[in-house]
């Protein structure tokens, strides 16, 4: 484990009825943009709770943030913040709404072209509006980190950014707000969180016993809660453990001081940009094939993963690795998430296109060792066909 610094300023309010904490967290004179998706929060009672907690504070609302939030949509919200001189952004929704809020918060005071925030990896972000969050869909961990992924459908781009200025000041996690979610969204959330842990864990040994055991505990928790979270959507304890696991999967702790991969995400982003596939489903396509492609480089961690997460201890080392990768694919399939490009009507030719796009972005050395070249990317996707 290498030397590292770690900082996460987000305060978490977890449990039933915690939306009321907005009244204490937001200054009385806050000028707030309430940011949301398609309007489901008005059907499940969340909106009413938020409005009650906001009280008399100046509040403007912007609905319509998409899954994989779109740059052009978010710029409409930026215009409201600038025109009305708002100083807080309050996303109420899932990871896409939270990601969108981070971009809106950073873009509102930005002096240049806001697209630069994404294309220069936020190097020029010097400040942002304050952000609070009410999470209604667990998946991305965006409620407890400073990162966001934004799409620009008009030019088929999907890019990430992060800044110390875009940590939520606070986040509210009430498991009951997730009870009415469709099974597809819950499955996506579980699959997304699982891959977040894998990207930070399944690399090479780094003498980081605490991070490893924590990561393995999160993976096992997600595997254990997945069936009941889908079959009994109103079971509070199950949903609470899923939400907490998803938050810890990407709040920075398990990745502190250890090598990280993220190639699965970079490849997956291109599949979403090109073909509109749900983010979590792109990860399910890429991850098993990437593990197979990189089995030599990841051998030690694959064997550890096989034993500690899937209880695979018998047979040869290669047989255990094969079984662990098969278990990973089966986990996604059991969630109802297909793991082949052909399942989504995507032709094998997309493999070369994704490799070309990553090369053009300067992403020619992906993975924890920088050994996943565009040629390797093409191999991984061809194997996922």
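Return a yes/no flag: does segment 289-301 have any residue that is within 17 Å of residue 367 (Cα to Cα) and either modelled with pLDDT under 95 or crowded, with 24+ Cβ neighbours inside 10 Å (or both). If you could, list the steps in order and put the result at the bottom.
Our first condition is that a residue be within 17 Å of residue 367 (Cα to Cα); within segment 289-301, this holds for 289-301.
The next check asks that each one be either modelled with pLDDT under 95 or crowded, with 24+ Cβ neighbours inside 10 Å (or both); those that pass are 290.
The answer is yes, given that some residue of segment 289-301 is within 17 Å of residue 367 (Cα to Cα) and either modelled with pLDDT under 95 or crowded, with 24+ Cβ neighbours inside 10 Å (or both).
Restricting 267, 325, 285, 337 to those that are at pLDDT 95 or above and either not assigned by TED's automatic domain parsing to the domain that holds residue 354 or not in a helix (DSSP H, G or I) (or both) reduces the list to 337. Among the conditions (1) modelled with pLDDT of 95 or more; (2) touching a helix residue (DSSP H, G or I) at 6+ places or on another chain (Cβ under 6 Å), residue 67 misses just one, which is (1). When segment 47-71 is filtered for residues that are in contact with a strand residue (DSSP E or B) (Cβ under 7 Å, 6 or more places away or on another chain) and within 20 Å of residue 118 (Cβ to Cβ), the ones remaining, listed by number, are 62, 65, 68, 69, 70, 71. Looking at 111, 79, 105, just one residue is farther than 18 Å from residue 164 by Cβ and either surrounded by 24 or more Cβ atoms within 10 Å (Cβ to Cβ) or at pLDDT below 95 (or both), and that residue is 111. In segment 354-372, which residues are closer than 15 Å to residue 268 by Cα and either out of contact with any helix residue (DSSP H, G or I) (no Cβ under 7 Å at 6 or more places or on another chain) or surrounded by fewer than 15 Cβ atoms within 10 Å (Cβ to Cβ) (or both)? Once the filter is applied, which keeps residues that are closer than 15 Å to residue 268 by Cα and either out of contact with any helix residue (DSSP H, G or I) (no Cβ under 7 Å at 6 or more places or on another chain) or surrounded by fewer than 15 Cβ atoms within 10 Å (Cβ to Cβ) (or both), segment 354-372 yields 356, 359, 361. For segment 52-65, filtering for residues that are surrounded by 15 or more Cβ atoms within 10 Å (Cβ to Cβ) and either in contact (Cβ under 8 Å) with a residue 60 or more places away in the chain or part of a helix (DSSP H, G or I) (or both) leaves 2.
Per-residue answers, yes or no, for (1) more than 21 Å from residue 244 (Cβ to Cβ); (2) under 26 Å from the mean Cα position of the chain (by Cα):
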| site | (1), (2) |
| --- | --- |
| 1 | yes, yes |
| 5 | yes, yes |
| 14 | no, yes |
| 19 | no, yes |
| 26 | yes, yes |
| 31 | yes, no |
| 36 | yes, yes |
| 50 | yes, yes |
| 57 | yes, no |
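What about residue 163, is it over 24 Å from residue 221 (Cα atoms), modelled with pLDDT of 95 or more and surrounded by fewer than 24 Cβ atoms within 10 Å (Cβ to Cβ)? Quick ask: steps written out before the conclusion?
Working: over 24 Å from residue 221 (Cα atoms): yes; modelled with pLDDT of 95 or more: no; surrounded by fewer than 24 Cβ atoms within 10 Å (Cβ to Cβ): yes.
So residue 163 fails the test.
Total residues in segment 288-299 satisfying the condition of being in a helix (DSSP H, G or I) and over 17 Å from residue 196 (Cα atoms): the figure is 3. Among the residues here, residue 234 does not qualify as farther than 30 Å from residue 350 by Cα, touching a strand residue (DSSP E or B) at 6+ places or on another chain (Cβ under 9 Å) and either in the same structural domain as residue 374 (by TED's automatic domain parsing) or assigned to a helix (DSSP H, G or I) (or both).
Okay, residues lined up against (1) touching a residue at least 40 places away in the same chain (Cβ under 8 Å); (2) crowded, with 20+ Cβ neighbours inside 10 Å; (3) out of contact with any strand residue (DSSP E or B) (no Cβ under 8 Å at 6 or more places or on another chain); (4) outside the structural domain of residue 301 (by TED's automatic domain parsing):
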{"residue": "115", "(1), (2), (3), (4)": "yes, no, no, yes"}
{"residue": "158", "(1), (2), (3), (4)": "yes, yes, no, yes"}
{"residue": "194", "(1), (2), (3), (4)": "yes, yes, yes, no"}
{"residue": "204", "(1), (2), (3), (4)": "yes, no, yes, no"}
{"residue": "209", "(1), (2), (3), (4)": "no, no, yes, no"}
{"residue": "216", "(1), (2), (3), (4)": "yes, no, yes, no"}
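Out of the residues in segment 28-44 that are out of contact with any strand residue (DSSP E or B) (no Cβ under 6 Å at 6 or more places or on another chain) and in contact (Cβ under 8 Å) with a residue 24 or more places away in the chain, state the one that is nearest to residue 173 (Cα to Cα). First the steps, then the outcome.
Narrowing segment 28-44 to residues out of contact with any strand residue (DSSP E or B) (no Cβ under 6 Å at 6 or more places or on another chain): 28-29, 38-40, 42-44.
Imposing the further condition that a residue be in contact (Cβ under 8 Å) with a residue 24 or more places away in the chain reduces the set to 28-29, 38-40, 43-44.
Values: 28: 22, 29: 24, 38: 20, 39: 19, 40: 17, 43: 18, 44: 15 Å.
Among them, the one singled out is 44.
How many residues does segment 87-128 contain that are in a helix (DSSP H, G or I) and closer than 20 Å to residue 33 by Cα?
In the first step, residues of segment 87-128 are kept if they are in a helix (DSSP H, G or I); the result is 95-107, 115-119.
Within this subset, residues satisfying the condition of being closer than 20 Å to residue 33 by Cα are 95-107.
Summing the residues that are in a helix (DSSP H, G or I) and closer than 20 Å to residue 33 by Cα in segment 87-128 gives 13.
For residues that are at pLDDT 95 or above and surrounded by fewer than 18 Cβ atoms within 10 Å (Cβ to Cβ), scanning just segment 166-181, find the one that is nearest to the chain's Cα centre (by Cα). Step by step, filter segment 166-181, then rank; the result is 169.
For segment 254-262, the criterion of being part of a helix (DSSP H, G or I) and in the same structural domain as residue 350 (by TED's automatic domain parsing) is met by no residue. Just one of (1) part of a loop (DSSP other than H, G, I, E, B); (2) surrounded by 14 or more Cβ atoms within 10 Å (Cβ to Cβ) fails for residue 34. It is (1).
The values are calculated or read from the model by the stated rules, or taken from the named source; none is laboratory data. Note that the structure is predicted; figures quoted are calculated from it, not measured. Virtual Cβ from ideal backbone geometry, glycine too; neighbours counted across all protein chains shown.
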